[in-house]
Amino acid sequence: MNLKTVLAAGLVAAVSFTAALAKDVSGAGATFPAPIYLKWADAYKKASGSAVNYQGVGSGAGRKQIEARTVTFAGSDIPQTGEWLDKRGLVQWPMVMGGIVPIVNLEGVGASDLVLDGQTLGDIYSGKIKRWNDAALTALNPKAKLPDLPIIVIRRSDGSGTTYNFTYYLSAVNEDFKKKVGTGEAVEWPVGIGGKGNDGVANNVMQTKGSIGYVELAFAIQNGLAYTDMINSAGKRVKPKFESFQAAAQNADWAKADHFNLVLANQPGASAWPMTVATFILMPTESDDAEAAAAALKFFDWAYANGGSMAKDLDYIPMPDSVVSKVKSAVWSQIKK
Amino acid sequence: MSLYASRRRSNLTAMALCLLATTIGIVWLFLILFSLLLNGLPHLTFEVFTEMTPPPGETGGGLLNPIFGTLMMTVLGVGIGAPIGILAGTYLAEYGRYSKTTPTIRFINDILLSAPSIIIGLFIYGIVVVPMKNFSALAGSLALAVIVIPVVVRTTEDMLLLVPNTLREAASAMGLPRSHVVWHVAYRAARTGILTGVLLGVARIAGETAPLLFTAFSNNFWSASLMKPIASLPTTINSFINTPDANMKQLAWTGALIVTLAVLALNIVARILGGTKKQS
Amino acid sequence: MTHATPSLDHDGRLSAARSKILARMALGDRSFHLVTRLCAYGVFILLAGIVVSLIMGAWPAIQTFGLEFLVTRRWAPQLDEPILGALAPIYGTLLTSFIAMLIAVPFGLGVAIFLTELCPIPLRRPIRVAVELLAGIPSIIYGMWGFFVLGPFLAQYVEPGIVWAVQDIPVLNIIFGAEMISNISLFNASLVLAIMILPFITAIAVDVFSTVPPVLKESAYGIGCTTWEVVTNVVIPFTRVGLVGGVMLALGRALGETMAVTFIIGNSFKIDGSIFSPGTTISAAIASEFAESADLHRSALMYLGLLLFILTFFVLAAARLMLMRLEKRAGA
């Protein structure tokens, strides 16, 4: 019996692998910006040779991991208050913006074929509208042929910044939704099936006829899923695309927002997309691994400088230069390297 | 006559149902294998084994880093778990065979053997990941080791108990110390059986996902460090199959095919080893 | 067996070199004994560690919710004062396992009867191996197969028919009723669980059937019994205890299964009585929420884990005791 050899081999392996102790930069959190972070990380690896590992586990999970300091940085779609951040020794800054779109899986319905407003979308997600041929839906879409099918509601099962922004918007425009469901990253949904992450929701909608979901636009486009248009606060029908997201972002006043604590949902403007979202990075001011923290900042600096066109390709909106310079001067300076 | 006919009829019906049950039972296996082959085989190329996992929105890429991660953690998990399991099984069968604590330990081992693997993940998260403040391949390997131990304890004990006592008595009568009797006589006689147990342990952990979710985490890039998060085939399948990205989904199916074939092959090898043992 | 220490150590004529070797052997002997013993107790410590870490993690939730946790239906971790109850996951866990057993037990016994009584001998081993290989397939594979292959098939061809057929029958139209049918439901999860535990039931049933003394079966055949009569009157009564043990062992598996179920159960903390609705189980709730939880929420998930552990512990303990009883009888 080669027991001795097995034992010895195990020991040698254990010792030799521990030799390399240096930490890679690893991040975890929101799935909303995951496509662009992964794309940046891939390009950055090719450009600089340094790896940045990002896992889309949900905003809630990302925040818990950064509080436990098991990752170098966290991604989150929910801006936190200064008090919350200070208590945990964290700082936050906006990294990129994008938009949430409703997606549907109905035969013969393509992208932008349907239009919804906050009221009907809220009623669907609070369980009030149950079928596709409901009067409220046919009134909005007189030309579309809506089937006599039950609406299969798909929502998130995990703590999600996408859900936070989605419910923030619906609560702002739909009283009934506000009372029944409310705003939060995880709410007690009265209806529906839970999917994990933006990808889980997209996947479920793709697999289920007659379903509706909400995801970041990149997830809908990559997947060929039919997104809908929305009626915005000005009463205009808008398509989810770079220009309408940008219109909403333009109205945002980052200069006044304390600790960048700003939600972009339901911004005014005739061509503004109502569910525009800024997504944030959270990092500790005093990292256990200063080397990793410095490496992470280098990556973000690179992404701000070189990531703009990649972001546009995936329909994300880069942060305006004024915000970037404020991030660098006011936030990054607090991080000990 | 009518009584005989009705007895015959009920017997025939019952046996037909048993045959049907068996057919359906086997059909499941082939259905699952068939859909894995259908979805995974067309893209089982050389690149899958040589290239890293791709980011979303691109074509190509492979599964090199998760395959390596799975191999590394499986080897380490077995490297840690199997020796402990073999030694514990040795105690139960050799030294403590008539001890009062042995049935208790055996019972506890059986409980561990069937403990939900997600709970083992929670346990390792609490005692390794949180104090080290880092997801790591080490934590993943330890979680897998905890799963291997009871499998190996069980088979080692069973196999050692099958070794005839006359062999041990003969060796002892020649003046060999007990540890030598165990090493040179009992282990030698039970060798294939113990190896079968280790192989079954490998097969069990190679496809485990739940205990790795909060321990090894995952990694988009290559890592061979024990102290960093690492990708593994099951966790990569779990995240890729849930993406809308067609290329990544395709890789998930291919990965699923690889993992399943590897695990089934291990099971078959273990069975062949175990089978020859029984006949000899 | 007695200890095999060298029997010559009181022999005065032992050379110095020889006694040195013997002393070293004795030391090696003792240390090997000690190491094996430590490893064996390690198994005990491992279990104790798991239980202690679960209880410690669950303690805040136990203090806050107490036993009311078991009967609270709401799961609202987002509130400032979270209200967390285990009723929905417990309901989902028990229901899916129950349905899975309902399907898998007759099937598993059928296969075992076929293998032991009917099957031509050359085919026995291949068929048995094929069924047991089902147990080797990783659970995540079952999950994705259930989600992408089985689920859509059931949702399209099977479940609408059942819903339609029972729509006017009271009680049944609640159990089998559904406002919406998707490829995700408690029933789909149960079916996949059934396939997963089938090999366990078969393997144990074949093993316990083989403990029946051939004389008993032969005498029954001798007086003219049919195969089915031998099975129902001799084999099953003789092995009843062991069979129940095997079934409980499979139940233990079903209760704790995680990945396969997480894929296809829908992660919905609702109880509406229909098996075609989405639901959740204890392990699915932990798998999908643990990473993002903190404070009381995390503690409540640990509490769920503890409940699952206690549940499986008792089921498995009962199973093992029953199997042990059968072993004793077979050995006697």
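The values are calculated or read from the model by the stated rules, or taken from the named source; none is laboratory data. All of these numbers come straight from a predicted model, not from anything done at the bench. Neighbour counts run over all protein chains shown; Cβ positions are idealised from the backbone, glycine included. These area figures cover heavy atoms from the full protein model, side chains too; ligands, DNA and RNA do not enter into them. Shrake-Rupley method; radii C 1.70, N 1.55, O 1.52, S 1.80 Å.
Brief remarks on what is shown
- Checklist (1) among the hydroxyl-bearing types (Ser, Thr, Tyr); (2) at the interface with chain C (Cβ under 9 Å from one of its Cβ atoms); (3) not in a helix (DSSP H, G or I) applied to B:TYR91, failing item: (3)
- Any hit, the range C:263-275, residues being under 14 Å from A:SER157 (Cα atoms), part of a helix (DSSP H, G or I) and either within 13 Å of chain B (Cβ to nearest Cβ) or within 14 Å of the chain's Cα centre (by Cα) (or both): yes
- Where C:LEU133 falls short, out of the listed (1) at the interface with chain B (Cβ under 8 Å from one of its Cβ atoms); (2) crowded, with 22+ Cβ neighbours inside 10 Å: (2)
- Unmet criterion (only one of (1) assigned to a helix (DSSP H, G or I); (2) more than 7 Å from every other protein chain (Cβ to nearest Cβ); (3) open to solvent by 10 Å² or more (accessible area, probe 1.4 Å)) for B:GLY81: (3)
- Here B:PHE30 clears all of (1) in contact with a helix residue (DSSP H, G or I) (Cβ under 8 Å, 6 or more places away or on another chain); (2) within 30 Å of C:LEU198 (Cα to Cα); (3) surrounded by fewer than 16 Cβ atoms within 10 Å (Cβ to Cβ); (4) more than 7 Å from chain C (Cβ to nearest Cβ) except the condition numbered (1).
- Cβ-Cβ under 9 Å pairs, at least 6 apart or on other chains, the range B:91-107 side over 12 Å from C:CYS39 (Cβ atoms), far side of a type in the set (Phe, Trp, Tyr) and open to solvent by 10 Å² or more (accessible area, probe 1.4 Å): B:THR101/C:TYR41; B:THR101/C:PHE44; B:THR104/C:PHE44
- Among the candidates A:ALA270, A:ALA249, A:ALA278, A:ALA220, the residue that is surrounded by fewer than 24 Cβ atoms within 10 Å (Cβ to Cβ), in contact (Cβ under 8 Å) with a residue 24 or more places away in the chain and not aromatic (Phe, Trp, Tyr) is uniquely A:ALA270.
Okay, residues lined up against (1) part of a loop (DSSP other than H, G, I, E, B); (2) surrounded by fewer than 16 Cβ atoms within 10 Å (Cβ to Cβ):
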site: A:PRO79; (1), (2): yes, no
site: A:TRP93; (1), (2): no, no
site: A:GLY98; (1), (2): no, no
site: A:GLY108; (1), (2): yes, yes
site: A:ASP113; (1), (2): yes, no
site: A:GLY122; (1), (2): no, no
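- Scanning the range A:193-209 for residues that are over 19 Å from the mean Cα position of the chain (by Cα) and more than 7 Å from every other protein chain (Cβ to nearest Cβ) yields one hit, A:LYS209.
- For the range C:137-184, the set of residues classified as part of a loop (DSSP other than H, G, I, E, B) and at pLDDT 90 or above consists of C:ILE137, C:PRO138, listed by residue number.
- Here A:ALA20 clears all of (1) at pLDDT 85 or above; (2) not in a helix (DSSP H, G or I) except the condition numbered (1).
- Of the candidates B:LEU226, B:LEU257, the single residue that is in contact (Cβ under 8 Å) with a residue 40 or more places away in the chain and either outside the structural domain of B:SER141 (by TED's automatic domain parsing) or part of a helix (DSSP H, G or I) (or both) is B:LEU257.
- Any hit, the range B:188-199, residues being crowded, with 21+ Cβ neighbours inside 10 Å, at the interface with chain C (Cβ under 10 Å from one of its Cβ atoms) and assigned to a helix (DSSP H, G or I): no
- Looking across the range A:29-76, the residues that are part of a loop (DSSP other than H, G, I, E, B), within 14 Å of chain C (Cβ to nearest Cβ) and open to solvent by 20 Å² or more (accessible area, probe 1.4 Å) come down to A:VAL57, A:ALA68, A:ARG69.
- Of the numbered criteria (1) open to solvent by 20 Å² or more (accessible area, probe 1.4 Å); (2) under 26 Å from B:SER239 (Cβ atoms); (3) within 14 Å of chain C (Cβ to nearest Cβ); (4) in contact with a Gly (Cβ under 7 Å, 6 or more places away or on another chain), the one A:PRO150 fails is (2).
- Residue within the range C:206-220 that is in a helix (DSSP H, G or I), open to solvent by 10 Å² or more (accessible area, probe 1.4 Å) and closer than 21 Å to B:SER239 by Cα present: no
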